[in-house]
Amino acid sequence: MAEHNQVNENTKNQDLATYREDAGESLTTNQGVKVSDTDNSLKVGSRGPSLRDDFHFQEKLTHFDRERIPERVVHARGSGAHGYFQPYESLAEFTKAKFLQDPSVKTPVFTRFSTVVGFRGSADTVRDVRGFSVKFYTEDGNYDLVGNNIPVFFIQDAIKFPDLVHAIKPEPHNEMPQAAAAHDNFWDFISLTPESTHMVMWVLSDRAIPRSYRMMQGFGIHTFRWVNAQGKSRFIKYHWKPLLGVHSLVWDEAQNTAGKDPDFHRRDLWEAIEKGNYPEYELGVQIIEEEDEFKFDFDILDATKMIPEELVPVRPIGKMVLNRNPDNFFAETEQVAFQPSNVVSGIDFSDDPLLQGRLMSYHDTQLHRLGSPNFTQIPINKPLCPFHNNQRDGRMQTEIHTSRVNYYPNSLGGGYPATTPGSEGGYVHYPERVEGHKVRERSPSFKEHFQQATLFWNSLSVPEKEHLVAAAHFELGKVEDQGVRERMVERLNHVDHELAKRVAVGIGIPAPTAPATENHGQSSSALSQENTTKIAKGRKVAILAADGVDNSQMMAIKQALKDAGAEAEIVAKFKGKIKSADGQEIEVDKTFLTSASPLFDAVYVPGGAESVKALKMNGDALHFIHEAFKHCKAIAATGEGVDLFTALEIPGVKLADAKSSLKNDQGVVTSRNTADAKAVAAEFIKAIAQHRHWKRAQKEQVPA
Ligand code: HDE
């Protein structure tokens, strides 16, 4: 009894709402029989053999044995959230899709972000493409926009997908490496698949290590069709843009985070929503008139190409807000079944051979994973609008159809459910005219593979290029086969000669002596993350403190961060409370053991002689700051806090001295003037908004 009360006492301290479902209920079997003991199986005597009569044991264990379903063959690891989508204006001119007609209508959505390669339990911050899938529960049926955070794909034809995925997944003999492309099989495949060149440039770039799902773009990739009420069709490309801007981690940080918090992105999304900081994304479209289909020097049906925004601008059409976490991970995030073939009236497909393959594969996957054609009855997959047809029975049928009629045409059921003509909202496929011979061929218009890879390279800033080259050194450095490494250098030499030379140096391959293709010199500003939105909102700041901290400095900065939409947590040696210089008891949020610098966007050290003295003696605290510096994050100190930075001897950085009250050198903000908190906060927030100070001098020399 005492133990029972203890459990109740503990749960009381937590958010009761999350425990409410069964409040006051008796534990029963699935048949509803009340259970008297669920801790001891039925035995002959307390030490004897168990009995078959124990139906409760049998049900409990056999249910448990079947708790897993096959994980997704790709995109197994993911996190989901509910929300809504609202268009800015009517798009009736372009599409008859109901959810895009009225700016006052909010359409419910469920969005799932994912990595591609890792298993369901793998880490979030690996180098990988991210999935960005949105299910719109429209009044005209479910529409799924199943995209990625990179605007192009590895291959042009769906028939190559199993080869690509086999090559990138862990190798078949030893199942290594987990959630990583850095191995021989993958780069062997890529080195023999020129069409992948553009995509791997993106995978080697910072795009493949996003800071947060809240700071990641999404793309529909394929060209789709929109059709308006007059039957006019146009081609469409989809773009999601996060309102917090597009930001990435650095590789060393991403690797550390995979160990410190493998759920980093999942937690970030979850906590933001719990705190009411709802992630928001603007949806935009590039609209291409049918008559312009052939006006580009690439084929708009080729998924290894994007349409530069300079050629076709992205028109913002609405906003998605994610404002509710799932109630149950398995029921919602695991069982959600996306299908690119789920379209609604007004939206149609192009003949992109990659998209065409997906139209079949996702449905097939759901049948396998969820085990029954009735997977559409699972609440997360069920349309919110009415649905009626004559499909019946099957495993796990949960609908009790009461009609005697289950066929069409019928007279006994009054002819219902009845079909709906296109003019009244029935789905009618766009009557595209097609003709040709049956051939197993790739269109000649799909043959050029390097121009856009070069465009991407040319568009990157200097630090972004450095990151890409370092990523290639890492990825190809893990490849043992020299022939594969040689072929990759040869391939990169088609993208840019300088790039190929820089990569070659790091992977033990002779640098090519002449370019394989001349660089066309063009660039597109939208492709660089340097040009993204830069705000401090949504960022997480660590405040390092110990007993004797100057409370007024700390609170002033904390409040200013809060006002800017950023969040601060106090990190100290032990959990519990620290005592400030003026005798206040302050709750500690995290310890140096339970957190680490890679889990924050910025660090602040307040003054207080005793606090700073204690931090100086704490190697974890010193490492924390060094690491934040090395990862190019904003760091700040006030009062005696500046002494801690002086003691660290960070090379190449100028700190505030007694005379000049405030200094911001490369995102290192310091002030000895304790009355200066407001000005320091403003400067610090500016430095945080920069995201990273990539060009920070001498960072390689910092011991972290
Ligand atoms: Fe997928 N993909 N894919 N894919 N994909 C799946 O469907 C497939 C492709 C994408 O959050 C699977 O439900 C083929 C491109 C996302 O649940 C599977 C081809 C793009 C998700 C499948 C592609 C994607 C998937 C595995 C080559 C970006 C996660 C589980 C034609 C536009 C959806 C599942 C979620 C998942 C097949 C290529 C994005 C096996 C055959 C291109 C975001 O059906």
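The values are calculated or read from the model by the stated rules, or taken from the named source; none is laboratory data. Owing to the predicted nature of the structure, the values given are computational and were not obtained by experimental measurement. Ideal geometry is used to build each Cβ from the backbone, glycine not excepted, and the neighbour counts take in all protein chains shown.
With respect to (1) in a loop (DSSP other than H, G, I, E, B); (2) touching a residue at least 40 places away in the same chain (Cβ under 8 Å), the lone exception for K659 is condition (2). Within segment 323-361, the set of residues being within 13 Å of the ligand (Cβ to nearest atom) and either on the phi > 0 side of the Ramachandran plot or among the acidic types (D, E) (or both) comprises E332, E334, D352.
When you check V152 against the structure, is it within 30 Å of M201 (Cα to Cα) and surrounded by 13 or more Cβ atoms within 10 Å (Cβ to Cβ), yes or no? So V152 passes the test.
Going by the conditions given, is T398 part of a helix (DSSP H, G or I) and free of Cβ contacts under 8 Å to residues at least 40 places away in the same chain? Considered against the rule, which asks whether it is part of a helix (DSSP H, G or I) and free of Cβ contacts under 8 Å to residues at least 40 places away in the same chain, T398 comes out as no. Of all residues in segment 178-185, at least one satisfies being over 21 Å from G538 (Cα atoms) and assigned to a helix (DSSP H, G or I).
Between a residue in segment 260-281 that is in contact (Cβ under 8 Å) with a residue 40 or more places away in the chain and among the β-branched types (V, I, T) and any residue that is outside any loop (DSSP other than H, G, I, E, B) and surrounded by fewer than 16 Cβ atoms within 10 Å (Cβ to Cβ), which pairs come within a Cβ distance under 9 Å, given they are 6 or more apart or on different chains? Here the result reads I273/N323; I273/R324, each pair linking segment 260-281 to a residue that is outside any loop (DSSP other than H, G, I, E, B) and surrounded by fewer than 16 Cβ atoms within 10 Å (Cβ to Cβ).
Among residues of segment 348-369 that are among the small types (G, A, S), those with a Cβ under 7 angstrom from a residue that is more than 8 Å from the ligand (Cβ to nearest atom), sequence gap 6+ or separate chain, pair up as S350/T223; S350/F224; S350/R225; S350/F235; S350/L301; G357/I159. Checked against the criterion of being surrounded by 18 or more Cβ atoms within 10 Å (Cβ to Cβ) and part of a loop (DSSP other than H, G, I, E, B), the candidates D393, D302, D348 yield just one match: D302. I'd like the full set of residues that are away from the ligand (no atom under 16 Å from the Cβ) and assigned to a loop (DSSP other than H, G, I, E, B), limited to segment 305-322. P308, E309, E310, L311, V312, P313, V314, listed by residue number. With the condition kept exactly as written, say whether any residue in segment 442-451 is touching a Pro at 6+ places or on another chain (Cβ under 9 Å), part of a helix (DSSP H, G or I) and either surrounded by 12 or more Cβ atoms within 10 Å (Cβ to Cβ) or modelled with pLDDT of 95 or more (or both). Yes, that holds for at least one residue. Residues in segment 105-153 that are more than 8 Å from the ligand (Cβ to nearest atom), touching a Ser or Thr at 6+ places or on another chain (Cβ under 9 Å) and among the aromatic types (F, W, Y) were compared, and the one that is nearest to P210 (Cα to Cα) is F110. Against the list (1) basic (K, R); (2) under 17 Å from the mean Cα position of the chain (by Cα); (3) more than 16 Å from the ligand (Cβ to nearest atom), the condition R266 fails is (3). Residues being more than 19 Å from F450 (Cβ to Cβ), in a loop (DSSP other than H, G, I, E, B) and touching a helix residue (DSSP H, G or I) at 6+ places or on another chain (Cβ under 6 Å): count how many of those fall in segment 481-508. Number satisfying all stated conditions: 2. Quick check on segment 362-390: of everything there that is in contact with a Lys or Arg (Cβ under 7 Å, 6 or more places away or on another chain) and in a loop (DSSP other than H, G, I, E, B), which residue is nearest to the ligand (Cβ to nearest atom)? It comes out as G371.
A search for C-beta distances below 7 Å between a residue of segment 128-144 that is part of a loop (DSSP other than H, G, I, E, B) and any residue that is more than 9 Å from the ligand (Cβ to nearest atom) and of a type in the set (D, E), counting only pairs 6+ apart in sequence or on different chains, returns nothing. Only residues that are of a type in the set (D, E, K, R) and either assigned to a helix (DSSP H, G or I) or touching a helix residue (DSSP H, G or I) at 6+ places or on another chain (Cβ under 6 Å) (or both): list them for segment 452-479, please. The answer is E464, K465, E466, E475.
Residues in segment 241-271 that are assigned to a helix (DSSP H, G or I) and among the charged types (D, E, K, R): D252, E253, K260, R266, R267, D268, E271.
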